[in-house]
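The values are calculated or read from the model by the stated rules, or taken from the named source; none is laboratory data. This is a predicted model, so every value here is computed, not measured. Every residue, glycine among them, receives a Cβ derived from its backbone with ideal geometry; neighbour counts consider all protein chains shown. Just the protein is used for accessible areas: all its heavy atoms, side chains included, with ligands, DNA and RNA removed. Shrake-Rupley method; radii C 1.70, N 1.55, O 1.52, S 1.80 Å.
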Amino acid sequence: MTIRPLVILPDARLRRPCEPVAAITDDIRALARDMLETMYDAPGVGLAASQIGVLKRVITIDVSKSEEERRPLVLINPEITWVSEEQRVYEEGCLSIPEYYAEVERPDRVRFRYTNLDGETVEQDADGLLATCVQHEIDHLNGVLFIDHISKLKRDRVTKKFQKAAKREAVA
Ligand code: K1U
Ligand code: ZN
């Protein structure tokens with residue numbers, strides 16, 4: 001298992017749609033293991049493969065509260081199949097936009113379908129943090145970031161900050 005480096009804004013890979021996974025191979029199982037290790041190390045409650053530079057439709061999630069009770073989820077080719085009319089606001093963060101947090105409004109409850117590592121199709125309902133996290137991670141697979149759900153003013157401000165930081169790093 002390897003902790004992989006995180007892709008940070010404004011890296012163009014974060015804006016590319018990810019490709020569906022055709023089959024659960026040893027490479028996909030190894031990718032999922034690396035993603036879980038990278039997510040727990042960060043630490044984060046979710047991770048999309050594009051955040052480690054792999055443009056495949058794979059996400060990992062664990063919203064359990066302590067290390068002893070870990071409940072890792074690996075979602076391959078996930079899709080949202082239903083959303084509630086009720087919305088909720090949650091303060092989101094993103095491992096690819098470090099130390100920036102903003103309130104985002106999304107559907108309060110969702111139903112989602114995915115393939116697990118045993119190749120089975122699973123359909124599951126979610127509310128609370130899991131619902132928010134599933135939506136945030138599936139957005140990543142479509143090249144969408146949580147800052148796309150906030151005002152243009154705030155988005156432009158945070159984007160410029162990260163563009164400047166990337167330029168500084170490039171000349172250092
Ligand atoms: O996709 C990501 O960038 C991971 C992100 C997921 C997420 C956070 C909050 C709302 C929706 C989706 C994170 O995990 S940021 C870190 C974080 O929220 C956290 C870290 C440690 C403990 C608890 C939360
Ligand atoms: Zn994110």
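Placing unit charges on the Cβ atoms only, positive for Lys and Arg and negative for Asp and Glu, gives region 1-44 a dipole magnitude near 180 debye about its Cα centre.
Percent relative contact order of the chain, based on C-alpha pairs within less than 8 angstrom and at least six residues apart?
24
Put a plus charge on the Cβ of each Lys and Arg, a minus charge on the Cβ of each Asp and Glu, and nothing anywhere else: the dipole of the chain about its Cα centre is then about 1020 debye. You can think of it this way: the chain between Arg70 and Arg33 has 11.9 nm of extra reach, that is 0.36 nm per residue less the Cα-Cα gap. Surface exposure of the chain, expressed per residue as accessible area with a 1.4 Å probe, stands at 57 Å². Excluding Gly143 itself, calculate the net charge of residues whose Cβ lies under 11 Å from the Cβ of Gly143, where each Lys or Arg counts +1 and each Asp or Glu counts -1. Here the count lands on +1. The antiparallel fraction among DSSP beta bridges confined to the chain stands at about 95%.
Asp62: net charge of surrounding residues, Cβ under 13 Å, Lys/Arg +1, Asp/Glu -1, itself excluded?
Net local charge, Asp62 excluded: -3.
Annotation: for a label point projected 7 angstrom from Cα along Cα→Cβ of Asp11, residues of region 119-141 with backbone N closer than 20 Å are 136-141.
Across region 1-47, the mean sequence separation of Cα contacts (distance under 8 Å, 6 or more residues apart), normalised by length, yields a relative contact order of 54 percent.
Multiplying the residue separation of Met1 and Tyr101 by 0.36 nm and subtracting their alpha-carbon distance yields 33.1 nm.
For the chain, set up a GNM with springs between Cα atoms under 10 Å and report which of Asp148, Asp118, Asp139 has the largest fluctuation. Judging by the Gaussian network model, the answer is Asp118. So for the chain, Kirkwood radius off the Cα pairs, Stokes-Einstein at 4 °C and 1.567 mPa s: how many µm² s⁻¹? In µm²/s, the coefficient is 78. The stretch between Arg88 and Lys154 holds 21.8 nm of extra length on full extension. This uses 0.36 nm per residue minus the Cα-Cα distance.
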